[in-house]
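Data block below; observations after.
The values are calculated or read from the model by the stated rules, or taken from the named source; none is laboratory data. Fair warning: this is a prediction, and the values are worked out from it, not measured in the lab. Counting neighbours? That spans all protein chains shown, and the Cβs are built from the backbone with ideal geometry, glycine included.
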Amino acid sequence: MKTIDDFNYKNAKVLVRADLNVPLDDLGQVADDTRIRRSLPTIEKILNDGGSVILMSHLGRPKGRDEKYSLKHILPVLEKLTGRTVRFAEDITGPQARRMAAELKPGEILLLENLRFDPREKKGDETFARELAELGDYYVNDAFGTAHRAHASTATIAKFFPGKKAAGYLLASEVKNIKKALEEGQPPVTAILGGAKVSSKLGVIENLLDKTDRLAIVGGMAYTFLKALGYPVGRSLVEEDLVEKAKEILDKAPEKGTVIILPSDFVIADRFAPDAETRIVPFDRIPDDWMGLDIGPETRQRIADIVKSSKTVIWNGPAGVFEWEPFAAGTMAIAKALAEATEGGTFTLAGGGDSVAALKKAGVEDRISYVSTGGGAMLEMLEGKELPGIKALEE
């Protein structure tokens, strides 16, 4: 896979598929500009070469054209961060977009309207991809967050740029760092998987059995595994249809040489609410009418010790309902343990929306070796899947 460092874009118009899918507040203003900032190095490289940039992205999940999801909302932040005037085409590939692209001069930036306003984008439509391709001379994909989607702008379009397609700095660094943890990680390799459901990470768990020395399962997923071992879990979240599968994984782990770590204690609640009554109990003492909403202090310390004794750590998914303060301590402890381990020389990789939010909440986001911008894309790479957006650049 070529990267943009393999090209000089002097006098070229470069179509850049960026991930500008940023959160907006109630006033339609950018609430978090992280994704825009992560796109800047790629944009600057092209402009510094003497090329021009045609930016394309999606925003949210619109059902057709919807002002609420217009990319014009990000224009002020994009102009501030690039220090340049950014032109805007409302019709994506229509006459206005074609004219503005044709008139674009070196050093200038054109932003196309939300790609998902056109239903052909998500269908991977070849005609739509060709219309986009006709706007530029080169194609750069820098949107790792959508690289697992076979959409027109992430996969189909690449076929129209033989010898003239590349990965941007962000996408290239995502692939490099996930592969570093997954395929080249120094042992002991530890993975911490959290979040609500086993079903969303089943393939990841199975693949990581071959890649890790220790696999800690926390969050809502843990209760399905505890039930598989025959322990009472009260009203905690359990995926009944996956209890047998969880048992299979627990039986398979020793054969693979992987130690599976389950919580030894929990913060439990009498109901699912931020002001619920809480208790700390051992893993085998959850009352019938209570539910586990976070890992307990013993488990926090145990995971922190394991993280600090590892050379490579992968983290995806919170340990509890960390949005509510009474159940945030477990996730915060993991975030801080990763930061401390990183400072001790451990390579740490974290990703997924909740994990990134937790790192920010703990104030340690900049103390992790690599923080991935892609939730679903990261999970699919951890699962060992081939991502359409990356495969298209390699063909």
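Quick one: is residue 194 on the phi > 0 side of the Ramachandran plot and buried (at least 16 other Cβ atoms within 10 Å of the Cβ)?
no
Can you pull out every residue in region 63-85 that is outside any helix (DSSP H, G or I), closer than 21 Å to residue 145 by Cα and either at pLDDT 95 or above or in contact with a strand residue (DSSP E or B) (Cβ under 8 Å, 6 or more places away or on another chain) (or both)?
70 - this is the single residue of region 63-85 that is outside any helix (DSSP H, G or I), closer than 21 Å to residue 145 by Cα and either at pLDDT 95 or above or in contact with a strand residue (DSSP E or B) (Cβ under 8 Å, 6 or more places away or on another chain) (or both).
Are any residues in region 30-45 at pLDDT 95 or above and out of contact with any helix residue (DSSP H, G or I) (no Cβ under 7 Å at 6 or more places or on another chain), and if so, which ones?
44
If you check 204, 218, which single one turns out to be buried (at least 19 other Cβ atoms within 10 Å of the Cβ), touching an Asp or Glu at 6+ places or on another chain (Cβ under 8 Å) and not polar (S, T, N, Q)?
Exactly one of 204, 218 is buried (at least 19 other Cβ atoms within 10 Å of the Cβ), touching an Asp or Glu at 6+ places or on another chain (Cβ under 8 Å) and not polar (S, T, N, Q), namely 204.
Quickly run through region 29-60 and pick out the residues that are of a type in the set (Ser, Thr, Tyr) and either part of a helix (DSSP H, G or I) or loosely packed, with under 14 Cβ neighbours inside 10 Å (or both).
Matches in region 29-60: 34, 39, 42.
I'd like the full set of residues that are surrounded by 15 or more Cβ atoms within 10 Å (Cβ to Cβ), touching a strand residue (DSSP E or B) at 6+ places or on another chain (Cβ under 8 Å) and not aromatic (Phe, Trp, Tyr), limited to region 3-28.
If the condition is that a residue be surrounded by 15 or more Cβ atoms within 10 Å (Cβ to Cβ), touching a strand residue (DSSP E or B) at 6+ places or on another chain (Cβ under 8 Å) and not aromatic (Phe, Trp, Tyr), then 3, 4, 12, 13, 14, 15, 16, 17, 18, 20, 22, 24 are the ones that fit.
Which one of the conditions (1) surrounded by fewer than 17 Cβ atoms within 10 Å (Cβ to Cβ); (2) touching a residue at least 12 places away in the same chain (Cβ under 8 Å) does residue 175 fail to meet, given that it meets all the rest?
Going through (1) surrounded by fewer than 17 Cβ atoms within 10 Å (Cβ to Cβ); (2) touching a residue at least 12 places away in the same chain (Cβ under 8 Å) one by one, residue 175 breaks only (1).
Restricting to region 127-157, give me the number of residues that are out of contact with any Ser or Thr (no Cβ under 6 Å at 6 or more places or on another chain) and either acidic (Asp, Glu) or in the same structural domain as residue 378 (by TED's automatic domain parsing) (or both).
Adding up the residues that qualify gives 2.
Among what's in region 139-172 and is within 17 Å of the chain's Cα centre (by Cα) and aromatic (Phe, Trp, Tyr), pick the residue that is surrounded by the most Cβ atoms within 10 Å (Cβ to Cβ).
My answer is 144.
Take residues that are farther than 30 Å from residue 187 by Cβ and free of Cβ contacts under 8 Å to residues at least 60 places away in the same chain and tell me which of the strands (runs of 3 or more DSSP E) falling wholly in region 243-337 contain 2 or more.
265-269, 278-282, 291-295
Scan region 358-371 residue by residue and report those that are free of Cβ contacts under 8 Å to residues at least 12 places away in the same chain and either under 22 Å from residue 176 (Cβ atoms) or of a type in the set (Gly, Ala, Ser) (or both).
Correct list: 363, 365, 366.
What number goes with the only condition from (1) without any contact (Cβ under 8 Å) to a residue 12 or more places away in the chain; (2) over 30 Å from residue 125 (Cβ atoms) that residue 162 does not pass?
So the condition that residue 162 fails would be (2).
Consider residue 167 carefully, then state whether it is without any contact (Cβ under 8 Å) to a residue 60 or more places away in the chain and of a type in the set (A, V, I, L, M, F, W, C).
Considered against the rule, which asks whether it is without any contact (Cβ under 8 Å) to a residue 60 or more places away in the chain and of a type in the set (A, V, I, L, M, F, W, C), residue 167 comes out as no.
Take the residues of region 362-395 that are closer than 26 Å to residue 164 by Cα, touching a helix residue (DSSP H, G or I) at 6+ places or on another chain (Cβ under 8 Å) and charged (D, E, K, R): which is surrounded by the most Cβ atoms within 10 Å (Cβ to Cβ)?
Going through the qualifying residues, I end up with 385.
Can you say whether residue 26 is in a loop (DSSP other than H, G, I, E, B), in the same structural domain as residue 157 (by TED's automatic domain parsing), without any contact (Cβ under 8 Å) to a residue 24 or more places away in the chain and in contact with a Pro (Cβ under 9 Å, 6 or more places away or on another chain), as far as the supplied structure shows?
no
Of all the residues that make up region 221-242, how many are over 27 Å from residue 307 (Cβ atoms), outside any helix (DSSP H, G or I) and within 28 Å of the chain's Cα centre (by Cα)?
0
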